[in-house]
Amino acid sequence: MSARVLDGKAVAAAVKSEVAEAVAGLGYSPGLATVLVGDDPASHAYVRGKRRDAEQVGMTSIHHELPATASQGEVAGLVADLNSDDDVDGVLVQLPLPGDLDSEAIVEGIDPRKDVDGLHPFNLGLLTLGRQGLRPCTPSGVLRILDHYEIPTNGQTAVIVGRSFLVGRPLGLLLSAKGADATVTVAHSRTNDLAAVTSKADILVAAAGVIGMITPEHVKPGATVIDVGINRTDQGLVGDVDYEAVADIAGAITPVPGGVGPMTRAMLLSNTLTAAESRRR
Ligand code: NAD
C-alpha cells in the first residue's frame, strides 16, 4: 500500500470542534429536529448518531418518531409544525421513507432555511446558480476532506461515478464551481467503457453503491480516490472501491468506514450552525 490514507474521522473531529466553539459563542443552543418514520434499523442507527453529534457540539436535539403506517399528511404536518417552531433551526427527515410515502414531496415541504440536508430544490437551485445556500452534506464533506489534506482541485480532472441528486450531481456542481475549478465528468450506469473514463481522473469519486467496483484498472496511478459507497455485508461496511488493490496505485484514498461517512455527519452540524446563524441574525 502506497496511498496516503485520508482520515475522515480526524477531519470530522476537527469540523465538530470548530462547530462546538462557534455554538459556545452564540448565546443560544441551535435546535436540530430529526424525523424518523418506521423501524428500519439502519435509519435508527443513523439518526441516533446524528442526535448524539448534535448534543456533543452543544446543540439541542429534538426528535420525532412516527410509525411506518404514518400517512403522507401526518409526516407533512409534522414537518410544517417544525418549520414554524422558532426553537428549531434545522429539520432533517431521515431518508428513505418507508412504504408509499413520497419523499420528494416531504423534502419540498421543509422550509429551505431549515433544510440542513441541503436537498430542497431551492437549495439545489442555489447550488446550481453558484449562490450561497445550504449544501448537501456528503458532497460538501468530500470537498472539506480534499481541502483539509490540501489536495488541489483547481484545473484537475475529476470523475464522479454516480449521478444521484444526493451525491453525484451536487458534487459535480461543487467541484466545477468557481473556487474549486475542477473539470468534472459525472459517469453513471450507462457510461460506456467506465475504466477508460475514470482512469483519466486526478480525483476519482465512487458513489455508485456497488461493492468493490473500482479496481486498479479504473485508477490513474497517483490519483486521489474518494470512496463514498457504503455497502452492508456480513463482514461489516465496505465501499465501492477495492481498497487494498487500489491503495497500491492511488496517491491518496479514503477508507470505508472512517472516510466520507463521518464527514457527512460533521457537515450536518456545520449546516445546522449556518442555518441557525442566518435565520436568527
Ligand atoms: P443511488 O442508487 O441513488 O445512485 C447510484 C448511482 O450510481 C446512479 O446514478 C447509477 O447510475 C450509478 N451506478 C450504479 N451502478 C453503476 C455502475 N455499475 N457503473 C457506473 N455507475 C453506476 O445511490 P446514492 O444515494 O447516490 O448512494 C451511492 C452510494 O453512496 C451508496 O453506497 C450509499 O450508501 C452511499 N452513500 C454514502 C454516504 C456517506 O455519507 N458516505 C452518503 C450517501 C450515500
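Somewhere in region 261-275, is a residue assigned to a helix (DSSP H, G or I) and without any contact (Cβ under 8 Å) to a residue 40 or more places away in the chain? No, the conditions are met nowhere in region 261-275. Please specify each residue of region 41-73 satisfying the condition of being assigned to a helix (DSSP H, G or I) and either among the β-branched types (Val, Ile, Thr) or free of Cβ contacts under 8 Å to residues at least 24 places away in the same chain (or both). If the condition is that a residue be assigned to a helix (DSSP H, G or I) and either among the β-branched types (Val, Ile, Thr) or free of Cβ contacts under 8 Å to residues at least 24 places away in the same chain (or both), then Pro41, His44, Ala45, Val47, Arg48, Arg51, Arg52, Glu55, Gly73 are the ones that fit. Selection over region 4-22 of residues that are crowded, with 21+ Cβ neighbours inside 10 Å and either out of contact with any Phe, Trp or Tyr (no Cβ under 9 Å at 6 or more places or on another chain) or assigned by TED's automatic domain parsing to the domain that holds Ile249 (or both) gives a count of 4. Could you list, in sequence order, all residues of region 228-272 that are more than 14 Å from the ligand (Cβ to nearest atom), aliphatic (A, V, I, L, M) and surrounded by fewer than 24 Cβ atoms within 10 Å (Cβ to Cβ)? Hits for region 228-272 are Ala245, Ala247, Ile249, Ala252. Residues that are more than 10 Å from the ligand (Cβ to nearest atom), part of a loop (DSSP other than H, G, I, E, B) and within 27 Å of Ile106 (Cα to Cα) do occur in region 121-131, at least one of them.
Those strands (runs of 3 or more DSSP E) of region 166-236 in which at least 2 residues are under 26 Å from Gly130 (Cβ atoms), considering only elements entirely within it, cover 183-187, 203-206, 224-227. In this entry, Val88 passes the filter for residues that are of a type in the set (A, V, I, L, M), part of a loop (DSSP other than H, G, I, E, B), crowded, with 17+ Cβ neighbours inside 10 Å and in the same structural domain as Gly38 (by TED's automatic domain parsing). Selection over region 165-190 of residues that are farther than 14 Å from Cys137 by Cα, within 11 Å of the ligand (Cβ to nearest atom) and surrounded by 16 or more Cβ atoms within 10 Å (Cβ to Cβ) gives a count of 2.
Given (1) away from the ligand (no atom under 16 Å from the Cβ); (2) out of contact with any helix residue (DSSP H, G or I) (no Cβ under 7 Å at 6 or more places or on another chain); (3) assigned by TED's automatic domain parsing to the domain that holds Leu32; (4) assigned to a helix (DSSP H, G or I), identify the lone condition not met by Ala76. For Ala76, the exception is condition (2).
The values are calculated or read from the model by the stated rules, or taken from the named source; none is laboratory data. These figures come from a predicted structure and were not determined experimentally. For neighbour counting, all protein chains shown are included, and Cβ atoms are generated from backbone atoms with ideal geometry for every residue, glycine included.
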